[in-house]
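Before any comments, here is the structure.
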Amino acid sequence: MLRSLVGSEMCIRDSSKIDYELSKRLIMASDSDILPFIIQLSDTVDLDEVTKNISNLSRPKAVYTALSQKAESTQGPLVQELTRLGVQFRTYWIVNMIAVKANVSVIKSIAARDDVRLLESNHPFQVPLEQPVLDQPRNVNVGEGIEWNIVWVLAPYAWSKGFSGENMVIANADTGVDFEHPALEKQYRGFFDEDVFLHDYNWWDAIHESIHTTCGPNSPFPCDDNNHGTHTTGTAVGQDCSNQETCNLIGVAPEAEWIACRNMDAGVGTAQT
């Protein structure tokens, strides 16, 4: 049995198309175990070539068109095979990849295909999220309505030079955002009026299966099941003007707007998210 295990390990590790983490899990898996993994296709887009000699205004559409057309034109045979095998999968275009759940034999057969560049593990992992520092440094002099950390990074100096985030949009990829937080609600690009929001193109939930979350999968509106993303968004753009006499400036760019995606499930992420 030991010889068989060693032989299996050598066979798997010799495959340059299977990453180390997935290789380890394949060694320990039985034939019936279902493993989550990602297929990266061989055919990709050279974005430097796509965006060469075009204006900044034309660049987003050119990139979208190139990436989506590449995925559409190359993923067909793999999608057909995965459908025939009856396995669960989800296709992507921003990276030419397919997220799959399948057994060992399917993984090995896919690794042998010429149109596949890499198979990597898609198992959940805990992200070590930093926690806020609460103690104010002694050498920071704070003005009224300004948080000490904002003064510490000299944000008020940038504001005095006209750089407060106006006409800028900041994207946050984290545990999500509490979009109704008083320091963030009106800076949300999807905010139109009290209780009137447009979340399309302003929010994306990359969590399609709940593991730990209280938000649920595919949340149609910004949600934060950990508070880390709300905190980091506040550090970026937070401004609470609920007190009519003065605004509490919390973020380094309080005049900027924010959009967000949730790529962690209560602090647990995957390569897919």
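Listed values, structure above:
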item	result
Bins of 10 Å from zero: percent of alpha-carbon pairs in region 145-273	14, 42, 31, 12, 1
Apportionment of accessible area to carbon and sulfur, the chain, percent (1.4 Å)	53
Computed over region 48-122, the ratio Rg/Rh where both radii use C-alpha atoms and Rh is Kirkwood	1.08
When the convex hull of its Cα atoms is projected in every direction, mean area for region 18-62 (nm²)	5.2
Computed label-point distance, nm, for sites N53 and S109 using a 7 Å Cα→Cβ extension	4.6
Candidates C247, C223, C261, ranked by Gaussian network fluctuation over the chain, Cα under 10 Å, top entry	C247
Per residue accessible area in Å² of the chain, where ligands, DNA and RNA are left out and the probe is 1.4 Å	60
Size descriptor, Kirkwood hydrodynamic radius, that averages inverse alpha-carbon separations across region 9-87, Å	15.8
Beta bridges by DSSP in the chain, antiparallel share as percent, to the nearest 5	65
Kirkwood Rh in Å, taken over all unlike Cα pairs in region 216-273	13.0
Over the chain, equivalent-ellipsoid semi-axes from the Cα gyration tensor in Å	43, 23, 18
Shape box of region 16-144 [Cα atoms, principal axes, largest first, Å]	65, 47, 25
All Cα pairs of region 144-195, percent lying beyond 14 Å	67
Linear extension gain, F89 paired with E130, 0.36 nm per residue minus alpha-carbon span	11.5 nm
Helical mean residue ellipticity (222 nm; -39500 (n - 2.57) per DSSP H run of 4+; nearest 500) of the chain	-8000 deg cm²/dmol
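The values are calculated or read from the model by the stated rules, or taken from the named source; none is laboratory data. Treat the numbers as computed from the prediction; the structure is a model and nothing was measured. Cβ coordinates were reconstructed from backbone atoms using ideal geometry, including for glycine residues, and neighbour counts include every protein chain displayed. Please note that ligands, DNA and RNA were not included when accessible areas were found on the heavy atoms of the full protein model with its side chains. Shrake-Rupley method; radii C 1.70, N 1.55, O 1.52, S 1.80 Å.
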